[in-house]
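Engineer: Handing you a structure now.
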Amino acid sequence: IRSVRLFVRGFPRGSTQRDMRRHFEKAVGPGDVLDVSVRGLCAIVRMRDEAAGERARRELHGQPFLGIPISVHRFRGIKIYVGGLPEYCAPEDLRPLFQEYGPVAECGVVKGVVPSLSPSKLFLSSRSPAVLSSTDDLQLVAGPMFPAWE
């Protein structure tokens, strides 16, 4: 039996992992939700198996969560978030660094509002597990990057 990850978005700001877990457990049962990771306005919910994942997706997609309809889809591929980027970094500079390890589906940089207080962030998605391992030693001129992934 292989677990299934669901990508959830559209929920209210300030929603917690506990809120999300309870919502999914009401729909499919407590034993079917393995873990929940909330990052900003997106979440990954890992379900026990394919049947539990499909049941949760069918029952919860478009349904209200804390008053707002949520989007629930099967998670495909690897999503990487890299924080602490220098202000001058652009997607066209960073994409080739990751493409050495495998195909990159998406690559985008979000600039910090106040660069000295909130550095830029990279969001990248790929279906290649090797891309994930590429973040282990990757360094830019300004110093190390700080990756996290789903």
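Engineer: Within the stretch 81-98, can one find any residue that is in contact with a helix residue (DSSP H, G or I) (Cβ under 9 Å, 6 or more places away or on another chain) and outside any strand (DSSP E or B)? Don't jump to the end; show me each part of the working.
Structural biologist: Step one: of the stretch 81-98, the residues in contact with a helix residue (DSSP H, G or I) (Cβ under 9 Å, 6 or more places away or on another chain) are 82, 85, 98.
Narrowing the set further to residues that are outside any strand (DSSP E or B) leaves 98.
Scanning the stretch 81-98, I find at least one residue that is in contact with a helix residue (DSSP H, G or I) (Cβ under 9 Å, 6 or more places away or on another chain) and outside any strand (DSSP E or B), so the answer is yes.
Engineer: Identify the single condition in (1) aliphatic (A, V, I, L, M); (2) assigned by TED's automatic domain parsing to the domain that holds Leu124; (3) at pLDDT 90 or above that Leu85 does not satisfy, given that it satisfies every other one.
Structural biologist: Unmet condition: (3).
Engineer: Does Arg58 count as modelled with pLDDT under 80 and in the same structural domain as Gly10 (by TED's automatic domain parsing)? Outline the logic, then answer.
Structural biologist: Values: modelled with pLDDT under 80: no; in the same structural domain as Gly10 (by TED's automatic domain parsing): yes.
No, not satisfied.
Engineer: Still on this structure, please answer the following. Which of (1) in contact with a helix residue (DSSP H, G or I) (Cβ under 6 Å, 6 or more places away or on another chain); (2) within 14 Å of Gln63 (Cβ to Cβ); (3) not hydrophobic (A, V, I, L, M, F, W, C) does Arg48 not meet, given it meets every other one?
Structural biologist: The number of the failed condition is (2).
Engineer: Let me ask something else. Output the strands (runs of 3 or more DSSP E) that fall wholly within the stretch 1-61 and possess 3 or more residues being in contact with a strand residue (DSSP E or B) (Cβ under 7 Å, 6 or more places away or on another chain) and within 10 Å of Val72 (Cα to Cα), or say none. Break it down stepwise before answering.
Structural biologist: Details: elements: 4-9, 33-39, 42-47.
Fully inside the stretch 1-61 and qualifying: 4-9, 42-47.
Engineer: Counting just the residues of the stretch 51-65 that are in contact with a helix residue (DSSP H, G or I) (Cβ under 7 Å, 6 or more places away or on another chain) and more than 12 Å from Val8 (Cβ to Cβ), which one comes out surrounded by the most Cβ atoms within 10 Å (Cβ to Cβ)?
Structural biologist: First pass over the stretch 51-65, keeping only residues in contact with a helix residue (DSSP H, G or I) (Cβ under 7 Å, 6 or more places away or on another chain): 52, 55-56, 59-60, 65.
Restricting the remaining residues to those that are more than 12 Å from Val8 (Cβ to Cβ) gives 52, 55, 59.
Working: Ala52: 23, Arg55: 16, Glu59: 14.
Per the stated criteria, the residue is Ala52.
Engineer: Consider Ser120 against the criteria (1) among the polar types (S, T, N, Q); (2) modelled with pLDDT of 80 or more; (3) surrounded by 17 or more Cβ atoms within 10 Å (Cβ to Cβ): it satisfies all of them except one. Which criterion is unmet?
Structural biologist: Here Ser120 meets the rest and fails (2).
One line per residue, one yes/no per condition, for (1) in contact (Cβ under 8 Å) with a residue 60 or more places away in the chain; (2) under 25 Å from Val110 (Cβ atoms):
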{"position": "Val28", "(1), (2)": "no, no"}
{"position": "Val36", "(1), (2)": "no, yes"}
{"position": "Ala52", "(1), (2)": "no, no"}
{"position": "His73", "(1), (2)": "yes, yes"}
{"position": "Ile80", "(1), (2)": "yes, yes"}
{"position": "Gly83", "(1), (2)": "yes, yes"}
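The values are calculated or read from the model by the stated rules, or taken from the named source; none is laboratory data. All values derive from a computational prediction rather than experimental measurement. Note that each Cβ is placed from the backbone with ideal geometry, even for glycine, and that neighbours are counted across all protein chains shown.
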